[in-house]
Amino acid sequence: MISKNQQKYISSLEMKKNRKKDNVFVAEGFKIVEELLHAGYNPKMIVGCEEWINSYHPTPNSHHQIITVTEDELRKTSFLQHPQQVLGVFEIPDNNTIPEANWFQEHLCIALDGVQDPGNLGTIIRIADWFGIDTIICSQTTADAYAPKVVQATMGSISRVKVFYTDLTEFLRELDRDIPIYGTLLDGENIYNSQLSANGIIVMGNEGNGISPAIRELVSHRLLIPSYPPERDTAESLNVAIATAITVAEFRRIAK
């Protein structure tokens, strides 16, 4: 049985200031919770229906709370309309140290400039995971990767992708000049005709405004995802998560 204070505490973690205060986040559903446990994330509290709890085998040195609840209690505690057997409160990993500059000489990375929709951020994390990109650098104006809606949208990929927050303009400015910085812009070169590298930074911008002017100046390779056919009236723009998927897929298809 779960107490009202425990339910209230979990509900409070919807707010970023409360997650930051205790350095924890909420994950829901057996798939996501089990992937986080498998990846070594440290649980502070596991709340689950009897069937799931009976199948759960914590490590011998675990000291977290394990609370068995009814489906009705889980529904009252959950952020989801249709909760799936279990939710967990986990410690946020220490993602304060961005990789050294030479790391970017050999790896492909996504940078997010003010992506604010939780669903878009979660989907981008999932896309990065699918295409073997394990590092995302975010501006301070990007949504919090550990908000419940973001975690849910990652479908477990948050357990494999490291998300860092920093002054993105300064970060890009301080990179070695031979590290390519790609950005999707309306005046860019057709991505399907572009020479792409196996390393570097792919910058994706805000849902409404795109890449900010300060960061636009730092983009060394401007790319365009063309509509088809180009002379036809079409949508004003692509959703940023869809644009990320198209861009990263093209890098993985042709980059040498």
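The values are calculated or read from the model by the stated rules, or taken from the named source; none is laboratory data. Note that the coordinates shown come from a computational prediction; the quantities given were computed from them, not determined experimentally. No Cβ is skipped: glycine too gets one built from the backbone with ideal geometry, and neighbour counts run over all protein chains shown. Accessible surface areas use protein heavy atoms only, side chains included; no ligands, DNA or RNA. Shrake-Rupley method; radii C 1.70, N 1.55, O 1.52, S 1.80 Å.
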Criterion (more than 24 Å from ILE254 (Cα to Cα) and open to solvent by 10 Å² or more (accessible area, probe 1.4 Å)) met by exactly one of ASP113, ASP134, ASP129:
ASP113
Would you check which residues across the range 231-242 are of a type outside the set (Ser, Thr, Tyr) and open to solvent by 10 Å² or more (accessible area, probe 1.4 Å) and list them?
GLU231, ARG232, ASP233, ALA235, GLU236, LEU238, ASN239, VAL240, ILE242
Could you please give the count of residues in the range 67-98 that are under 23 Å from GLU14 (Cβ atoms) and open to solvent by 100 Å² or more (accessible area, probe 1.4 Å)?
6
Looking across the range 210-230 at residues that are at pLDDT below 95 and hydroxyl-bearing (Ser, Thr, Tyr), the single one that is most open to solvent (accessible area, probe 1.4 Å) is TYR228
Given (1) more than 23 Å from the chain's Cα centre (by Cα); (2) in a loop (DSSP other than H, G, I, E, B); (3) surrounded by fewer than 18 Cβ atoms within 10 Å (Cβ to Cβ), where does LEU196 come up short, assuming only one miss?
(3)
Quick one: what pairs do we get from the range 44-67, first residue under 12 Å from VAL33 (Cβ atoms) and at pLDDT 95 or above, second in a strand (DSSP E or B) and small (Gly, Ala, Ser), C-beta under 7 Å, 6+ apart or different chains?
MET45/GLY88; ILE46/GLY88
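May I ask you to list the residues in the range 171-193 that are part of a helix (DSSP H, G or I) and either open to solvent by less than 70 Å² (accessible area, probe 1.4 Å) or over 18 Å from SER139 (Cβ atoms) (or both)? Spell out the reasoning first.
Here is the first cut: in the range 171-193, the residues part of a helix (DSSP H, G or I) are 171-173, 191-193.
Selection gives PHE171, LEU172, ILE191, TYR192, ASN193.
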Kindly evaluate GLU100 against the criterion of being without any contact (Cβ under 8 Å) to a residue 40 or more places away in the chain and more than 9 Å from the chain's Cα centre (by Cα).
yes
Subset of the range 30-66, residues surrounded by 12 or more Cβ atoms within 10 Å (Cβ to Cβ), within 21 Å of the chain's Cα centre (by Cα) and over 12 Å from GLU91 (Cα atoms), comes to PHE30, LYS31, ILE32, VAL33, GLU34, GLU35, ALA39
